[in-house]
1. In 5 Å bins starting at 0, how do the alpha-carbon pair distances of the chain split up by percent?
2. Taking only the C-alpha atoms, wrap a convex hull around region 1-49 and report its volume per residue in Å³ as a whole number.
3. PRE reach from residue 131 (point 7 Å along Cα→Cβ): which of region 45-73 fall under 17 Å by backbone N?
4. Give a residue-ordered list of calculated ³J(HN,Hα) values for region 85-102 (Karplus: 6.51 cos²θ - 1.76 cosθ + 1.60, θ = phi - 60°; whole Hz; x for Gly, Pro).
5. In whole angstrom, note down how far apart the Cα centers of region 1-75 and region 123-195 are.
6. Based solely on its DSSP helices, what 222 nm [θ] is calculated for the chain when runs of n ≥ 4 H residues each add -39,500 (n - 2.57) and the sum is averaged over all residues, nearest 500 deg cm²/dmol?
7. Relative contact order of region 51-191: what whole-number percent is it, with Cα pairs under 8 angstrom and at least 6 residues apart?
8. Please work out whether region 69-181 counts as rounded, prolate or oblate from its C-alpha gyration tensor, where a ≥ b ≥ c are the square roots of the eigenvalues and a/c under 1.5 means rounded, while otherwise a/b larger than b/c means prolate and anything else oblate?
Amino acid sequence: MPAELSPKAAEIVAYTRTLLEAGGYNSFSYADIAAQVNISKASIHHHFPSKVDLVREVVARYRAEARTGLSLLERQLDNPLGELTAYADYWSTCIAGGTSSFCIGAMLAAELPTLPAEVAVEVRGHFDDLSGWLTTTMERGSARHQLRLQGTPQVEARMFMASVHGAMLAARGLGDPLAFESLVRVAIHRLASTA
C-alpha cells in the first residue's frame, strides 16, 4: 500500500487524478493544479519534484485501490459471473453519476508511446493487474460452468477488459453515460453460460 500523504499532497493527487481521467498526461500542467488546490507551483514541486513523480504516484495509488477493490469483490461474492457484473456495475454507477467517467489506466494507455518510462511502467502494471484478475475470474467461472469461454481464459479476460474500456470510450464519444451499461451488458451476456 502506498505511503500516507500529507493533506495537501493528497489534495494534489486527487485533483491530478481528475485531470488524468478527463484528458490524460499531456492535458495539464502544475499551473492547472496550483489554481485548483490553492497552492503555488513551487509548493507542488516540494511534494512532487516533477510531473513524472506526481503522475507515477497517482497511477500507483490507482493500481493499489483497484487491486483492493477487485480482491474484495472476489472475497465477498465468490461468484465469477457476479464479480464481472459487480465490476461493470461499479463503472456504470461512476459513469452515470459523474463521479468517474473513465479509467485512468485506459486513458493513459492511449498515450503510452509518449509517456515517460516511469509512468508507462505503472500503466502497464495496471493492465497486468486487471488482466490477471479477469483471467483468474474467467478460469473460476469456466470451472464452475458459470461462464462460457470461446477463447482461452486470458484471451477472454482481455476481450472483456477491452469491452469495458471500449464502452467507456463509446459513452464519452456519444455523450451518453447510459451507453456504457447497455454495451457492457452485451459483453457479460456473451460470457454467461446457459449450461
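Derivation of every value follows stated rules applied to the coordinates shown; laboratory data play no part. No experiment lies behind these values; they were computed from the predicted model shown. Cβ sites come from the backbone with ideal geometry, for glycine too, and all protein chains shown count toward neighbours.
1. 1, 8, 15, 18, 18, 16, 11, 7, 4, 2, 1, 0, 0
2. Dividing the Cα hull volume of region 1-49 by its residue count gives 83 Å³.
3. Within reach of a label on residue 131, which here means backbone N under 17 Å from a point 7 Å along Cα→Cβ, region 45-73 contributes 63, 67.
4. Along region 85-102, the couplings run 5, 5, 4, 5, 4, 4, 5, 4, 5, 4, 5, 5, x, x, 7, 6, 9, 7 Hz.
5. Region 1-75 and region 123-195 have Cα centres spaced 27 Å from each other.
6. Here the helix-only value at 222 nm equals -25000 deg cm²/dmol.
7. 28
8. oblate
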